[in-house]
Amino acid sequence: MNIFRFAGDMTHLISIVVLLLKIYATKSCSGISLKTQELYVIVFLARYLDLFTDFISVYNTVMKLVFIGSSLAIVWCMRMHRAVKRTYDKELDTFRHYFLVLGSFVLALLLHEKFTFQEIFWAFSIYLEAVAILPQLVMLQRSGNVDNLTGQYVFFLGAYRAFYILNWIYRFFTEPHFSRWIACLSGLVQTAFYADFFYYYFISWKNNAKLQLPA
Amino acid sequence: LPQEQGHDEL
């Protein structure tokens, strides 16, 4: 594992901690898209079907369990916790996320590394992760004002993707047979979705102002 | 060279 991959995993972890912190400390999930969070649950469950069949390392196994557990906890809070669920901005979270699930699954049936149950679900999870942030980004755009922790959450998620791209570049030059075009292309698409957000994030940071997205 | 075993990224 190289430093970029590790930095990517850590920023991913930080994003989840920031989100859990926001929900726990403020007892509020305003500005957070339940649809994006539900998509992440599907992404992790579909991708980590290999938990019981392929052992890579203790690190990988622990991280997989943390990602599954934390995404389930977030969705549980937003749906079941009495105080938290009242703060959910349902009317702003109207993205038709079922289409993303359906589209990703069809794409996985067409484009995959091997035609096996696990590999189809792995490819599905890669495609779905690439678009899972869309309901969240649309929600941010709609509300215009982004509270601090929500902004940090999306920032760290985007940083995670950026580090994974650096990780692939590094692996491409250091590993003789590194070719994983499904993950790399999907990763590029996914990171591109954050470009707009990053632009406004850095402007607000430079001006030391509250993050605001144009309508 | 050995084939990659499974997906090693998260």
Could you count how many residues in region A:60-89 are surrounded by 13 or more Cβ atoms within 10 Å (Cβ to Cβ) and either among the small types (Gly, Ala, Ser) or touching a residue at least 60 places away in the same chain (Cβ under 8 Å) (or both)? 5
Consider region A:133-192. How many of its residues are closer than 17 Å to B:His7 by Cβ and more than 14 Å from every other protein chain (Cβ to nearest Cβ)? 1
Extreme residue, surrounded by the fewest Cβ atoms within 10 Å (Cβ to Cβ), among residues of region A:28-59 that are small (Gly, Ala, Ser) and within 15 Å of the chain's Cα centre (by Cα): A:Ala46
Condition set surrounded by 16 or more Cβ atoms within 10 Å (Cβ to Cβ) and of a type in the set (Ser, Thr, Tyr), scope region A:144-186, selection farthest from A:Ser33 (Cα to Cα): answer is A:Tyr164
State which residue pairs qualify: first residue closer than 18 Å to B:Glu9 by Cα and inside region A:186-205, second residue acidic (Asp, Glu) and buried (at least 17 other Cβ atoms within 10 Å of the Cβ) in any location, beta carbons under 8 Å apart, and separation of 6 or more residues or different chains. A:Ser186/A:Glu129; A:Gln190/A:Glu129
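Filter region A:2-56 for residues that are outside any helix (DSSP H, G or I) and at negative phi and give the result. Steps first, please.
First, pick out the residues of region A:2-56 that are outside any helix (DSSP H, G or I): A:2, A:27-33, A:53-56.
Hits for region A:2-56 are A:Asn2, A:Ser28, A:Cys29, A:Ser30, A:Ile32, A:Ser33, A:Thr53, A:Asp54, A:Phe55, A:Ile56.
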How many residues does region A:140-170 hold that are in a helix (DSSP H, G or I), among the charged types (D, E, K, R) and modelled with pLDDT under 95? 1
Hits in region A:111-143 (condition: of a type in the set (Gly, Ala, Ser) and surrounded by 23 or more Cβ atoms within 10 Å (Cβ to Cβ)): A:Ala123, A:Ser125, A:Ala130, A:Ala132
Taking A:Leu34 as the residue in question, decide whether it is aliphatic (A, V, I, L, M), away from chain B (no Cβ under 14 Å) and closer than 17 Å to A:Arg82 by Cα. yes
Give me the pairs: first residue in region A:90-109 and farther than 15 Å from A:Leu34 by Cα, second residue charged (D, E, K, R) and part of a helix (DSSP H, G or I), beta-carbon distance under 9 Å, and six or more apart or on different chains, which are they? A:Ser104/A:Glu129; A:Ala108/A:Glu119
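Taking region A:187-215 as the search range and keeping residues that are within 19 Å of A:Tyr127 (Cα to Cα) and aromatic (Phe, Trp, Tyr), which one is surrounded by the most Cβ atoms within 10 Å (Cβ to Cβ)? Quick ask: steps written out before the conclusion?
Taking region A:187-215 first, the residues within 19 Å of A:Tyr127 (Cα to Cα) are A:187-195.
Checking which are aromatic (Phe, Trp, Tyr) leaves us with A:193-194.
Details: A:Phe193: 17, A:Tyr194: 20.
Result: A:Tyr194.
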Please go through region A:57-81 and pick out each residue that is facing chain B (nearest Cβ under 10 Å) and not in a helix (DSSP H, G or I). A:Ser57
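The values are calculated or read from the model by the stated rules, or taken from the named source; none is laboratory data. This structure is a prediction, so every number in the text was calculated from the model and none was measured. Because the Cβ atoms are built from the backbone with ideal geometry, glycine has one as well, and the counts that use them run over all protein chains shown.
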